[in-house]
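The values are calculated or read from the model by the stated rules, or taken from the named source; none is laboratory data. Just so you know, these numbers come straight off a predicted model, no measurement behind them. Here the Cβ positions follow ideal geometry from the backbone for every residue, glycine too, while neighbour counts run over all protein chains shown.
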Amino acid sequence: MKKNIVFLALLLFAGNAIAQDLTVGEIVSKANSRSYYQGKDGSARANMVVTDAQGRIRQRQLTILKLNIQEGGDQKYYVYFHKPNDVKGMSYIVWKHLGKDDDRWLYLPAMDLVRRIAASDKRSSFAGTTFLYEDISGRSIDLDVHELLGGDGAFYTLKNTPKDAAAVEFSYYTVQIDKNNFIPMKAEYFDKSAKLYRIIEALEVKDIQGYPTITKMKATDLNANSHTVTEFSDVQYDLNLNSDIFTERFLRTPPQQWLKE
């Protein structure tokens, strides 16, 4: 029995040693892969509840489809809004690129208008929520300089500083990454005066088809005293989605077979 205990202790020590040997780049790459690239493709229903400073509540219900073109690189996203009525039928497409600005289009059914979203707008509110356009498809890891602040305990803590400070509203942000599954559990954003003003945190993580998946998350704007809680349901991976779905013509004619009413 004593030998077994010693053996288990050695295994745990070896596992921790391997984890400690990871470079900052490897940690960032693994966390990015866990957050955005699991499976060849995927879909989910999202329910977003927005609470403002007066305690008033608004909701958004949408379906998100994603397709990986290159692991850790190019991706495509399709978002369709189901509710409420003032956004029903609105759709959004992202072509995420490695090494250059993403392409983004938004369809506004009330005006029957497809609007291209400028790269400079990616840090603006997503459909009136506390999440930003960039949060939906992710920020490219190449846009920041990454520094490991701490690796003790259950999390890696990273500081991320933008290479182009003028392109964003924050001076830096920190991220706590779970060592067991490399899921980013909490991100804190600091303004140009180094004051904390924005928090994104994972509230629930579940195993879905063998992939650790965030199923509930919260974005808080401390300046506006508002927050948005998003719950994901009916999450599925490896659906063999057709790449044609992620083209401009499907903004007006949504792929009904993949939308979850």
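Have a look at 3, 40 and point out the one that is at pLDDT 95 or above, surrounded by fewer than 19 Cβ atoms within 10 Å (Cβ to Cβ) and of a type outside the set (Asp, Glu).
Numbers: 3 fails: at pLDDT 95 or above.
Within the list 3, 40, the selection yields 40.
Does residue 241 satisfy the criteria of being among the hydrophobic types (A, V, I, L, M, F, W, C), surrounded by fewer than 18 Cβ atoms within 10 Å (Cβ to Cβ) and farther than 25 Å from residue 119 by Cβ? Show your work before the answer.
Numbers: among the hydrophobic types (A, V, I, L, M, F, W, C): yes; surrounded by fewer than 18 Cβ atoms within 10 Å (Cβ to Cβ): no; farther than 25 Å from residue 119 by Cβ: yes.
Judged against the criteria, residue 241 is not a match.
May I ask you to verify whether residue 215 is touching a residue at least 40 places away in the same chain (Cβ under 8 Å) and not in a loop (DSSP other than H, G, I, E, B)? Walk me through it before giving the result.
On the way: touching a residue at least 40 places away in the same chain (Cβ under 8 Å): no; not in a loop (DSSP other than H, G, I, E, B): yes.
So residue 215 fails the test.
Matching residues to (1) of a type outside the set (A, V, I, L, M, F, W, C); (2) more than 24 Å from residue 117 (Cα to Cα); (3) free of Cβ contacts under 8 Å to residues at least 12 places away in the same chain; (4) in contact with a Leu (Cβ under 6 Å, 6 or more places away or on another chain):
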site: 29; (1), (2), (3), (4): yes, yes, no, no
site: 37; (1), (2), (3), (4): yes, no, no, no
site: 44; (1), (2), (3), (4): no, no, no, no
site: 51; (1), (2), (3), (4): yes, yes, no, no
site: 70; (1), (2), (3), (4): yes, no, no, no
site: 80; (1), (2), (3), (4): yes, no, no, yes
